[in-house]
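This report refers to the structure that appears directly beneath it.
The values are calculated or read from the model by the stated rules, or taken from the named source; none is laboratory data. This structure is a prediction, so every number in the text was calculated from the model and none was measured. Using ideal geometry, Cβ is built from the backbone for each residue, glycine included, and neighbour counts are taken over all protein chains shown.
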C-alpha cells in the first residue's frame, strides 16, 4: 500500500457514488474506498511504464480486459500530481484522437 502521505485527503474522502445511486452501487463504492490509494498508484505506475501512450494503449499493454479500471483512476492520479496529460494524437487501439499520459516529476 502506498504511504499515507502520498495521497491527499480529498482522495480518501471523495464521493464514489451519487446519493441517487442504488444501494448496490453504494455498497460497491464502499468496497473500493479501501483500495483507492492502491488503484491510483497502480494507474500512475502504468503510465510510468508506458509514457506517452493513450489510456486504451496502456490498458492493452498492461493486459487489462476493462479499460474503465484505468480510465477511472487517471484523473485522480493527475489530481494527486502523479501523472499529467500530454498531447492529443490518434490512438493505436481505437483509431480516434485521444490524450496521451506522462508521469509527473
Legend entry - residue 60, sole failed condition from (1) more than 12 Å from the chain's Cα centre (by Cα); (2) within 27 Å of residue 15 (Cβ to Cβ): (2)
Inset, instruction - Please specify each residue of the range 65-105 satisfying the condition of being in a loop (DSSP other than H, G, I, E, B), over 23 Å from residue 37 (Cα atoms) and without any contact (Cβ under 8 Å) to a residue 24 or more places away in the chain. - result: 95, 96
Legend entry - Flag if residue 74 is touching a helix residue (DSSP H, G or I) at 6+ places or on another chain (Cβ under 6 Å) and under 19 Å from residue 17 (Cα atoms): yes
Inset, instruction - Can you confirm whether the range 19-38 contains a residue that is assigned to a helix (DSSP H, G or I) and at pLDDT 90 or above? - result: yes
